[in-house]
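Have a look at the structure below before the remarks.
The values are calculated or read from the model by the stated rules, or taken from the named source; none is laboratory data. Predicted model only: the values in this text are computed from it and were never measured. Heads up, the Cβs are rebuilt from the backbone with ideal geometry, glycines too, and the neighbour counts pull from every protein chain shown. In case anyone asks, the SASA skips ligands and DNA or RNA and just uses the protein heavy atoms, side chains included. Shrake-Rupley method; radii C 1.70, N 1.55, O 1.52, S 1.80 Å.
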Amino acid sequence: MARDETSSNAEEIPAINENIVSSLIHQKLDEIRSGDLFILHDLKDDAVDDLLHDADQYKTFEAIIGKTWMEIDMLSNDERGLNGGKLNRKKKIYTKALRLASDFVRMQIQAYIKMRHAQANKKGEFQEEEEDEQEICQGEDSADDVSEEEDTISSLSDGKISRSSSQKRKKKKKKLKKKRLKEKRREKRKKRQSHESSEVDDDGESYSSLTEREENRLRRRLGKAKVVFEQERENIQARIPDDVKKDFRQLGFAKWGKEWLPVVQLSPFQVPPGSVRDQWMEMFNNTLRNKRPMSRLIFWYGTPKDDLSVGYSFVPCNKFISYEEGRKS
């Protein structure tokens with residue numbers, strides 16, 4: 001009887017913490033777009049728009065969110081001692097919780113896609129207006145050149161320059177410029193509206209722009225998610241041993257083969273969200289659980305700028321020496 005109670009408690013599905021889960025969804029979608037999840041999970045940078053339609057990709061993304069959510073809860077609850085089969089079962093429970101709340105998860109993904117489309121449209125609209133203005137200005141400049149040549153010829157023949165006609169021409173030019181710009185913007189707006197009305201998702205809703213209410217709701221949700229993330233970060237930093245924490249951002253040397261090369265030690269929040277930070281969290285949980293010394297996250301100086309992701313490593317503490325020690329040796 002006691003075994004059954006223990007089993008049912010272990011299998012208890014956690015309630016969805018909307019703030020944390022929505023924050024994780026948006027963070028991981030950003031990581032997909034930046035290419036950070038391609039190597040580990042085979043999610044390409046253009047996979048965001050396909051998540052709601054591709055069952056395999058959605059399942060992969062769901063498992064990523066479930067694992068990260070589980071790790072945050074374990075850190076918050078100071079939960080240790082799980083490994084192997086027990087840890088895998090716990091991951092499945094969190095993934096199952098997300099599956100039961102799939103409407104919420106899909107709504108978050110859809111809101112993210114809408115926001116990105118809206119931002120892209122606004123950016124494109126601004127660029128189009130600038131191009132239109134430049135095009136109109138160039139056309140008027142060429143017309144002015146012709147007009148100035150005519151004035152010069154006329155002034156030479158008449159022996160005088162008419163200032164009043166020049167001022168009238170400038171006023172007329174400004175009015176004409178405004179009129180052309182308005183007409184061009186009106187035409188572009190009509191084309192965009194007709195395109196948006198034909199571009200709908202599977203539910204028949206337009207996803208190319210957000211309503212003001214949706215934008216406000218999304219901003220509030222992102223604001224809450226930011227607060228939750230900062231609280232979680234403070235919680236994790238408070239649990240990092242002092243001897244590790246004091247070395248963050250410290251210069252030194254790490255052993256590479258038979259050589260000592262220059263590096264800098266980093267905290268998990270001094271690297272972009274993605275696989276490196278996830279690996280640090282996993283290492284952190286394992287070392288706390290097994291009471292082993294923490295490995296150090298380092299960045300190798302001299303890493304090529306075109307691929308900084310290969311510049312991170314985890315090294316044992318005895319494979320690192322401080323800058324002062326390195327100079328002496």
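Structure notes:
- Contact map, the range 305-320: residues that are closer than 22 Å to D36 by Cβ and polar (S, T, N, Q) paired with residues that are in a helix (DSSP H, G or I) and open to solvent by less than 90 Å² (accessible area, probe 1.4 Å), Cβ distance under 9 Å, separation 6+ or inter-chain. Pairs shown: S309/S275; S309/V276.
- When we screen P293, P304, P241, P262 for residues that are in contact with a Cys (Cβ under 9 Å, 6 or more places away or on another chain), surrounded by fewer than 18 Cβ atoms within 10 Å (Cβ to Cβ) and more than 28 Å from I65 (Cβ to Cβ), the only hit is P293.
- Options L24, L29, L37; residue that is touching a helix residue (DSSP H, G or I) at 6+ places or on another chain (Cβ under 6 Å), open to solvent by less than 20 Å² (accessible area, probe 1.4 Å), at pLDDT below 85 and closer than 30 Å to D306 by Cα: L37
- Residue list for the range 280-290, filter: out of contact with any Phe, Trp or Tyr (no Cβ under 7 Å at 6 or more places or on another chain) and either basic (K, R) or surrounded by 14 or more Cβ atoms within 10 Å (Cβ to Cβ) (or both): W280, M281, F284, N285, N286, T287, L288, R289
- Failed item, numbered, when P316 is tested on (1) within 16 Å of F248 (Cβ to Cβ); (2) in contact with a strand residue (DSSP E or B) (Cβ under 8 Å, 6 or more places away or on another chain); (3) exposed (fewer than 14 other Cβ atoms within 10 Å of the Cβ): (1)
- The set of residues from the range 1-21 being assigned to a loop (DSSP other than H, G, I, E, B) and at pLDDT 75 or above comprises E12, I13, P14, A15, I16, N17.
- Residues in the range 256-280 that are of a type outside the set (F, W, Y) and over 19 Å from the mean Cα position of the chain (by Cα): G257, K258, E259, L261, P262, V263, V264, Q265, L266, S267.
- Scanning the range 70-105 for residues that are surrounded by 12 or more Cβ atoms within 10 Å (Cβ to Cβ) and within 25 Å of the chain's Cα centre (by Cα) yields a total of 16.
- Test: residue in the range 256-276 that is out of contact with any His (no Cβ under 7 Å at 6 or more places or on another chain), outside any loop (DSSP other than H, G, I, E, B) and basic (K, R): no
- Those residues of the range 45-63 which are in contact with a helix residue (DSSP H, G or I) (Cβ under 6 Å, 6 or more places away or on another chain) and open to solvent by less than 20 Å² (accessible area, probe 1.4 Å), in sequence order: A47, V48, L51, E62
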